[in-house]
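S.K.: Structure provided below as structure tokens; questions to follow.
The values are calculated or read from the model by the stated rules, or taken from the named source; none is laboratory data. Computed from a prediction, not measured in an experiment: that's the story for all the values here. No Cβ is skipped: glycine too gets one built from the backbone with ideal geometry, and neighbour counts run over all protein chains shown. These area figures cover heavy atoms from the full protein model, side chains too; ligands, DNA and RNA do not enter into them. Shrake-Rupley method; radii C 1.70, N 1.55, O 1.52, S 1.80 Å.
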Amino acid sequence: MIWYPYEQMKGMKAPYKIIDAEGVCLYTEDQKLIDSVSSWWSVIHGYKHPELNRAIETQLGKFAHVMLGGLTHEPVQRLTQKLQQFLPGDLDYCFYSDSGSVAVEVALKMALQYFMNRGETGRTMVLALEHAYHGDTFKTMETGDDEDYHFVLKAYGESKYVVHIPTEISALENAFETYHDRLNCFIVEPLLQGAGGMRMYDISFLKRARELCDRYGVLLIFDEVATGFGRTGNRFVADLVLPDILVLGKALTGGYIGHAVTAANEKVFRGFYDDDPAHALMHGPTFMGNALACSVALRSVELFEEQDYMSKIHTIEEITRREMDGFSDPRIKEIRIMGACVCLEVYDSATIKGYQQFAYDRGVFSRPFLNYLYAMVPYVIREEELVKVLQTMKEWFGR
């Protein structure tokens, strides 16, 4: 039996079986569906993209994978060189892993060991946001604070090593005043908190966070697994405020293969570069730097640049704002739009119960959760396809 994610298996509704996919569409035996959530926000170029397919096929003719322990290869070298040129600042030191959650684990481990290597053993605490979601592995669950996802909070109670604050500058300043000498890092999903409810906040909060991290010597981590590669309307939020560690996944490979990178700056890297073997970062996912993943990731980044994806994203936002302008319903608490993300938050989760099948019947795949009906479409979507996604959302409330 397949054990499906985020589901109570007893009584679970049968999933839709996909038999093909191309462009922005998924195909079942009886329906063609516009994928309005980009397979958990990753398939930015759409499905069956000929350039991405070719990148994998070419590499597959050579080899699919070799470990990075004592070995290296051209795809990982070329991707690293590209990321060094593509990412802002001096985020030049790339540690690869096979999922966003593991990449966040690596970032948190880097931040803690950075200070341990310096002999600052009292810096064991992490500052994070309320409604944080950074993955489902154990340290990421501890850093998150949503009991709908993170059973560890129920099993162990709140962690004495993590402090959560709202996205308010006063709360930020109070936290640094209270905990600054015990903090090793402040980790955020910048501007857009995804699984925590598509919550959006202002860049001024992050600018103040950078100032405080600099003042107190705390590392700033941006988890851009969901927000990176244009989702917020910025290439990376790191282009606006530069973190010490940047985590990317999902869209890194265009959604083709699980792969992620934890990119650190010069300061962090130098905290491990030492004659003492004990100061090394002792971490090594088996499939880090996978040759197929690196090959498709490189071509994905190139496509993002060559085809001016930022213009595509700005067009998506303009169309979304146009289509949602003037729309309201008493059951909707708030409509939020940022870049290529739109979220309709309702007061009662029962309001959107049944929407997934409603959308399916109209040729749209959607996956609402809790009180949130949202869309995060592939960037190659055509205007008429995007309008159909948005009109379907509005039609639900007009029944």
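S.K.: Show L219, L153 ordered by accessible area, largest first, where the area counts protein heavy atoms only and the probe is 1.4 Å. Mind showing how you got there, number by number?
M.R.: Details: L219 0, L153 25 Å².
Order by accessible area, largest first: L153, L219.
S.K.: Roll a 1.4 Å probe over the protein heavy atoms and report the accessible area of R367 in Å², nearest 10.
M.R.: Here the residue's solvent-accessible area equals roughly 70 Å².
S.K.: Expressed as a whole number of Å, what is the distance separating the alpha-carbon centroids of region 324-399 and region 229-291?
M.R.: Measuring centre to centre over Cα atoms gives 32 Å.
S.K.: Let me ask something else. Sketch the reach of a paramagnetic label on R382 as a point 7 Å from Cα along Cα-to-Cβ, and name the residues of region 36-69 whose backbone nitrogen lies under 18 Å away.
M.R.: 36, 45-50
S.K.: Within the chain, what's the longest stretch lacking chymotrypsin sites (Phe, Trp or Tyr not before Pro) that sit in DSSP loops with no more than 13 other Cβ atoms inside 10 Å?
M.R.: Working: sites that count: W3, Y6, F63, Y273, Y347.
Segment 64-272 is the longest.
S.K.: Count charges around T124 for me, please; just the other residues with Cβ under 14 Å from its Cβ, Lys/Arg as +1, Asp/Glu as -1. Mind dumping the intermediate values first?
M.R.: On the way: positive: K109, R118, R123, K139, K160, R182; negative: E120, E142, D181.
Residues close to T124 contribute a combined charge of +3.
S.K.: Here's a follow-up. Counting other C-beta atoms within 10 Å, and keeping those with at most 16, which DSSP coil trypsin sites (Lys or Arg not before Pro) do you find in region 284-352? Present the calculation step by step, with values, prior to reporting the outcome.
M.R.: Working: sites: R299, K312, R321, R322, R331, K333, R336; in loops: R331.
Answer in residue order: R331.
S.K.: For the pair A21 and E173, how long in nm is the line joining their label points, each one 7 Å along Cα→Cβ?
M.R.: Spacing of the two 7 Å Cα→Cβ label points: 4.7 nm.
S.K.: Kindly work out what percent of the DSSP beta bridges joining two residues of the chain are antiparallel, to the nearest 5. All intermediate terms of the calculation are to be shown ahead of the outcome.
M.R.: Details: 29 of 45 bridges.
Of the beta bridges lying entirely in the chain, close to 65 percent run antiparallel.
S.K.: So what are the ³J(HN,Hα) numbers for region 253-270, from phi and the Karplus equation (6.51, -1.76, 1.60; θ = phi - 60°), rounded to whole Hz, Gly and Pro as x?
M.R.: With the stated coefficients, region 253-270 comes to 9, x, x, 7, 9, x, 6, 8, 9, 10, 9, 10, 8, 4, 4, 5, 4, 5 Hz.
S.K.: Top to bottom by accessible area (1.4 Å), largest first, where do K267, K394, K353 land? Mind dumping the intermediate values first?
M.R.: On the way: K267 90, K394 40, K353 165 Å².
If we order K267, K394, K353 from most to least accessible, we get K353, K267, K394.
S.K.: If you filter region 316-384 for GluC sites (Glu not before Pro), then keep DSSP loop positions with at most 16 other Cβ within 10 Å, what is left?
M.R.: Details: sites: E317, E318, E323, E334, E345, E383, E384; in loops: none.
Sites meeting the loop and neighbour criteria: none at all.
S.K.: Tally Lys/Arg at +1 and Asp/Glu at -1 over every other residue whose Cβ is under 11 Å from the Cβ of E334; what's the total?
M.R.: On the way: positive: R199, K333, R336; negative: E345.
Charge balance near E334 sits at +2.
S.K.: Could you report the chain's accessible area per residue, 1.4 Å probe, as an integer in Å²? Please report the intermediate quantities before stating the final value.
M.R.: Details: 17620 Å² over 399 residues.
I get 44 Å² per residue for this part.
S.K.: R0 = 22 Å: FRET efficiency of K207 with E266, Cβ-based, nearest 0.05?
M.R.: Working: r = 22 Å, r/R0 = 0.98.
Result of the calculation: an efficiency of 0.55.
S.K.: Still on this structure, I have one more. Tabulate in residue order the Karplus-calculated ³J(HN,Hα) for region 350-365, using 6.51 cos²θ - 1.76 cosθ + 1.60 with θ = phi - 60°, rounded to whole Hz; enter x for Gly and Pro.
M.R.: 4, 4, 9, 5, x, 5, 4, 5, 4, 5, 4, 4, 9, x, 10, 8
S.K.: Please report, as a whole percent, how much of the solvent-accessible surface of the chain comes from carbon and sulfur atoms (probe radius 1.4 Å).
M.R.: Values: 8930 of 17620 Å².
Here it works out to 51 percent.
S.K.: Here's another thing I want to ask about it. Considering amide H positions built from the backbone, and no H for Pro or chain starts, which residues 5 or more places from S36, or on another chain, come under 5 Å of its amide H?
M.R.: Correct list: F365.
S.K.: Still on this model: Projecting each Cα onto the charge dipole of the chain (Lys/Arg +1, Asp/Glu -1 at the beta carbon, about the Cα centre), which of L68, G217, Y347 comes out farthest on the positive side?
M.R.: Selected residue: Y347.
S.K.: Related question: Can you give me the angle between helix 50-60 and the longest principal axis of the chain, using Cα atoms only, in degrees from 0 to 90, rounded to the nearest 10?
M.R.: 50
S.K.: Further question: With charges set only on the Cβ (+1 for Lys and Arg, -1 for Asp and Glu), what does the dipole of region 204-347 come to about its Cα centre, in debye to the nearest 20? Before the final figure, lay out the partial values.
M.R.: On the way: 16 positive and 21 negative charges, 72 e Å.
About 340 debye.
S.K.: Continuing with the same structure: Can you compute the charge dipole magnitude of the chain about its Cα centre, using +1 on each Lys and Arg Cβ and -1 on each Asp and Glu Cβ, nothing else charged? Give it in debye, rounded to the nearest 20. Let's see the in-between values first.
M.R.: Numbers: 40 positive and 55 negative charges, 112 e Å.
My answer is approximately 540 debye.
S.K.: Run the quick spin-label model on H279 and E395: label points 7 Å from Cα toward the beta carbon, then report their separation in nm to one decimal.
M.R.: 6.3
S.K.: Can you give the calculated 222 nm mean residue ellipticity of the chain, where each DSSP H run of n ≥ 4 adds -39,500 (n - 2.57) and the sum is split over every residue, rounded to the nearest 500 deg cm²/dmol? Don't skip to the end; give the middle numbers.
M.R.: On the way: 13 runs with 142 residues, N = 399.
Helix contribution divided over all residues of the chain: -11000 deg cm²/dmol.
S.K.: Which of K312/K333; K32/K312; K62/K82; K267/K312; K154/K312; K32/K207 have a Cα-Cα distance over 32 Å? Walk me through the intermediate numbers first.
M.R.: Numbers: K312/K333 29 Å; K32/K312 23 Å; K62/K82 21 Å; K267/K312 35 Å; K154/K312 42 Å; K32/K207 44 Å.
Over 32 Å apart, Cα to Cα: K267/K312; K154/K312; K32/K207.
S.K.: With a 1.4 Å probe and all protein chains kept in place, how do E120, E177, E395 rank by accessible area, largest first?
M.R.: On the way: E120 60, E177 130, E395 85 Å².
The ordering from most to least exposed comes out as E177, E395, E120.
S.K.: Moving on to the next point. Tell me which of P277, M116, Y309 sits at the most positive position along the dipole axis of the chain, charges placed on C-beta atoms (Lys, Arg +1; Asp, Glu -1).
M.R.: Y309
S.K.: Would you work out the relative contact order for the chain, in percent, from Cα pairs under 8 angstrom that are 6 or more residues apart? Working shown, then result.
M.R.: Values: 738 pairs, mean separation 91.6, N = 399.
Computed value for the chain: 23 percent relative contact order.
S.K.: Residues with beta-carbon under 13 Å from that of I169, excluding I169: net charge, scoring Lys, Arg +1 and Asp, Glu -1? Don't jump to the answer; show the numbers that get you there.
M.R.: Values: positive: K207, R208, R210; negative: E168, E173, E177, D202, E211.
Summing Lys and Arg as +1 and Asp and Glu as -1 gives -2.
S.K.: Hey, got a sec? Which trypsin sites (Lys or Arg not before Pro) in region 125-194 land in a DSSP loop and have at most 13 other Cβ atoms within 10 Å? Write down the numbers at each step before the final one.
M.R.: Details: sites: K139, K154, K160, R182; in loops: K160, R182.
Within region 125-194, the qualifying trypsin sites (Lys or Arg not before Pro) (loop, at most 13 other Cβ atoms within 10 Å) are K160.
S.K.: Which ³J(HN,Hα) values, rounded to whole Hz and listed in residue order, are derived for region 288-305 from phi using the Karplus coefficients 6.51, -1.76 and 1.60 in 6.51 cos²θ - 1.76 cosθ + 1.60 with θ = phi - 60°, glycine and proline given as x?
M.R.: Result, rounded to whole Hz: 5, x, 3, 5, 5, 5, 5, 5, 6, 5, 4, 5, 4, 5, 4, 4, 4, 6.
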